[in-house]
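Read through the structure below, which is laid out as structure tokens, and then see the notes.
The values are calculated or read from the model by the stated rules, or taken from the named source; none is laboratory data. Note that this is a predicted model, so its numbers are computed, not measured. Methodologically, a virtual Cβ is constructed for each residue, glycine included, from the backbone with ideal geometry; neighbour enumeration extends over all protein chains shown. Areas reflect the complete protein model, heavy atoms only, side chains present, ligands, DNA and RNA absent. Shrake-Rupley method; radii C 1.70, N 1.55, O 1.52, S 1.80 Å.
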Amino acid sequence: MVAGARPDRSDGGVVPPLWISDTYRWASPDEKPDYDYSRTVNANRTLLIEALAELEGAAGGVVTGSGQSAALLALLRLPAGARVIAPHDCYGGTYRLLDGLQKQGKLVAHFVDQGDAAAVDAAMAEQVDLLWIETPSNPLMRVVDIVALAARAKAAGALTVADNTLPTPLRQRPLELGCDLVMHSTTKALNGHSDLFGGALLAKDAALAEELAWWSNAAGLNASAFDASQILRGLRTLPLRVDRQEETAMRLAAWLAQQPAVERVHYPGLADYSGHALAVRQQRGPGFLMSFELRDAGAASRFLGGLRLVTLASSLGGFATLICQPSTMTHRGMPPEAQAAAGIRPDLLRLSVGLEAAEDLQADFERGFAALA
Ligand SMILES: *Cc1c(COP(=O)(O)O)cnc(C)c1O
């Protein structure tokens with residue numbers, strides 16, 4: 001049976017119903033029903049968790065109202081003053097959350113270039129509680145070695161969480177590579193339709209999954225029944241969408257790399273890209289996201305002004321091709337010094353390839369390049 005597609009118990013419908021009740025009848029005060037109160041447990045969420053756990057090889061987990069609430073949940077269970085090692089070029093919202101909690105004295109965050117083994121060793125020399133991995137990274141598509149990093153964290157007594165939003169479980173399975181937790185913004189490719197927010201945090205180990213469910217209920221982070229059912233609906237077409245988006249991304253990346261106005265393309269699918277060999281080893285495909293820099297540092301806004309089909313917007317993984325300038329959009333939560341340290345140039349452009357025809361997208365970028373003349 002397809003993951004999360006148990007036929008409806010009442011009438012055999014091939015699609016599960018939407019269970020909107022917030023509370024459920026008890027037969028007696030001593031007989032707690034499996035489903036009692038929907039902040040704690042809801043059947044639409046259960047189906048989505050089952051499907052995601054199957055895709056990631058997890059024992060279980062939780063689905064939350066946004067990717068950020070899933071990230072918060074990964075941090076909530078840590079003791080006060082815990083040390084977290086995160087990538088220096090992590091998702092802007094992850095940076096904002098870790099930095100904000102650090103400023104409150106709730107945890108200590110170290111932003112490290114995880115491709116630099118000596119820097120990781122130096123950060124791990126002290127006691128560490130959680131290693132945060134994001135590969136390929138957003139927006140620079142840096143690929144880091146999950147097996148080596150998770151083993152290093154384990155030896156130091158830390159758990160490892162991988163933000164697997166970009167690759168999706170179809171292209172990378174971090175729990176099989178030694179991670180303890182895997183996190184998603186289901187807002188992105190898993191839903192795929194750019195019409196809701198959602199997150200997931202899944203654990204390899206059943207006891208850890210239980211602990212996440214406890215915290216998610218305690219803090220009220222769980223997703224709504226409607227959002228859970230819509231994300232499950234999005235999952236049905238995930239393999240088709242990712243295949244098509246990746247095929248188009250491959251074509252566009254190779255074409256962009258040949259354009260005289262383009263300085264550099266960051267995409268693991270290109271054979272001469274620094275992270276290519278590692279991506280081939282740990283991913284099942286390069287995915288739908290890339291970033292690139294124009295040769296003329298001031299050209300980005302003219303290029304963007306020439307586009308008609310591709311939309312200037314943050315977010316990624318949806319049906320529509322989106323382009324954004326991380327320095328002023330997705331990563332504005334990261335101060336300019338931190339952006340510079342992460343290698344995010346002010347005019348770096350990030351491209352999330354959608355489902356349009358490759359030739360239509362190429363024609364649109366030709367309009368962008370024409371606007372530079
Ligand atoms: C979007 C995103 C998030 C945050 O998810 P929201 O659903 O927007 O809260 C976290 N990590 C990555 C890699 C993302 O792309």
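A few points about this structure:
- Output for the stretch 261-272, where each listed residue is over 20 Å from R332 (Cβ atoms) and either in contact (Cβ under 8 Å) with a residue 60 or more places away in the chain or small (G, A, S) (or both): A261, Y267, P268, G269, A271
- Tally, over the stretch 297-328, of residues that are farther than 12 Å from F365 by Cα, open to solvent by less than 10 Å² (accessible area, probe 1.4 Å) and in a loop (DSSP other than H, G, I, E, B): 5
- Of the residues making up the stretch 150-181, those that are of a type in the set (A, V, I, L, M, F, W, C), touching a residue at least 60 places away in the same chain (Cβ under 8 Å) and within 12 Å of the ligand (Cβ to nearest atom) number 2.
- Number of positions in the stretch 75-96 that are surrounded by 22 or more Cβ atoms within 10 Å (Cβ to Cβ) and within 12 Å of the ligand (Cβ to nearest atom): 8
- Against the test of being assigned by the TED database to the domain that holds Q325 and in a helix (DSSP H, G or I), the options A228, A253 yield a single qualifying residue, A253.
- The stretch 194-225 - residue that is in a helix (DSSP H, G or I) and within 16 Å of the ligand (Cβ to nearest atom) and, of those, most open to solvent (accessible area, probe 1.4 Å): A219
- In this structure, L52 qualifies as more than 14 Å from N217 (Cβ to Cβ), within 16 Å of the ligand (Cβ to nearest atom) and modelled with pLDDT of 95 or more.
- Screening the stretch 66-158 for helices (runs of 4 or more DSSP H) wholly inside it with 1 or more residues that are basic (K, R) returns the ranges 92-103, 146-155.
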